[in-house]
Amino acid sequence: MEVSVVLSFIGISLLLTLSPGPDILFVLAQSLAQHAKAGIVTSLGLCTGLVVHVSAAALGVSAVIYQSAAAFEVVKYAGAAYLLFLAFQSFRGGAPANGAAQGTTEKYQKLYRKGILMNLLNPKVSLFFLALLPPFADPSRGSVSLQMLLLGLIFITQAFLVFFLVSVLSGKIQQNVLHRISTGKLQKAQGLIFSFIAMQIVISGK
């Protein structure tokens, strides 16, 4: 692949990752309600989910889902329902923001799984890659699927770096400013963010 094409792709990827989409809002919510490590672990889960979506786009699975309106709707509403469930947990205080009621390892495992599910249950992510990757692949330079996988890995790498920085900065805010706010209020704010992401998934067009 030409260096100019890769650099152009990285630039566009950075702009898209920095836009206020579901993933970055999810990382922000976890980091502000807990701490930087929570956001970083969540980011790892999100990026693991992105690996699945990139593979699906490269292998054509995303196109099949897109063509099946029923399958698309089922996955979309399942994702929104999962986020609303997380919002409900936050509102009723069932998952302490400081993680005091559970071991550190268990807490991070749950955050990692949340990140994976957050992306796997959002079919729009696969469609996003289906639209983003092909224009940067050149059939004259070999397998288009392989090029799409490489571009996807580049996207995931820069996405994790962005999420990492967001986690660290949000963690600083939480540590220096939000620690004065009660756990209950932080959980409610987290619940509002989850609810907003769920509505984003439901009302955005196919």
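Below is a table of values for the structure above.
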read-out: Pick from the stretch 5-55, criterion out of contact with any helix residue (DSSP H, G or I) (no Cβ under 9 Å at 6 or more places or on another chain) and modelled with pLDDT of 90 or more, ranking: nearest to Arg141 (Cα to Cα); value: Leu7
read-out: Subset of the stretch 129-145 [open to solvent by 60 Å² or more (accessible area, probe 1.4 Å) and in contact (Cβ under 8 Å) with a residue 12 or more places away in the chain]; value: Arg141
read-out: Filter pass, Ser8 being among the small types (Gly, Ala, Ser), open to solvent by 10 Å² or more (accessible area, probe 1.4 Å) and over 17 Å from Ala189 (Cα atoms); value: yes
read-out: In the stretch 159-174, residue farthest from Glu2 (Cα to Cα) [restricted to those that are open to solvent by less than 60 Å² (accessible area, probe 1.4 Å) and not hydroxyl-bearing (Ser, Thr, Tyr)]; value: Gln174
read-out: Some residue of the stretch 175-188 being at pLDDT 80 or above, part of a helix (DSSP H, G or I) and of a type in the set (A, V, I, L, M); value: no
read-out: Qualifying residue in the stretch 147-158 (condition: open to solvent by less than 50 Å² (accessible area, probe 1.4 Å), outside any helix (DSSP H, G or I) and aliphatic (A, V, I, L, M)); value: no
read-out: Residues of the stretch 97-124 satisfying the condition of being of a type outside the set (Lys, Arg), at pLDDT below 85, open to solvent by less than 50 Å² (accessible area, probe 1.4 Å) and part of a helix (DSSP H, G or I); value: Pro123
read-out: Flag for Lys76 being of a type in the set (D, E, K, R) and either at pLDDT 90 or above or in contact with a strand residue (DSSP E or B) (Cβ under 7 Å, 6 or more places away or on another chain) (or both); value: no
read-out: Selected residue (only one of Ala58, Ala81 is at pLDDT 80 or above and surrounded by 15 or more Cβ atoms within 10 Å (Cβ to Cβ)); value: Ala58
read-out: Inter-residue pairs, beta-carbon under 6 Å, first more than 16 Å from Leu50 (Cα to Cα) and in the stretch 101-123, second at pLDDT 80 or above and assigned to a helix (DSSP H, G or I), 6+ apart; value: Tyr108/Val41
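The values are calculated or read from the model by the stated rules, or taken from the named source; none is laboratory data. Nothing here was measured: the structure is a model prediction, and the numbers come from that model. Heads up, the Cβs are rebuilt from the backbone with ideal geometry, glycines too, and the neighbour counts pull from every protein chain shown. These area figures cover heavy atoms from the full protein model, side chains too; ligands, DNA and RNA do not enter into them. Shrake-Rupley method; radii C 1.70, N 1.55, O 1.52, S 1.80 Å.
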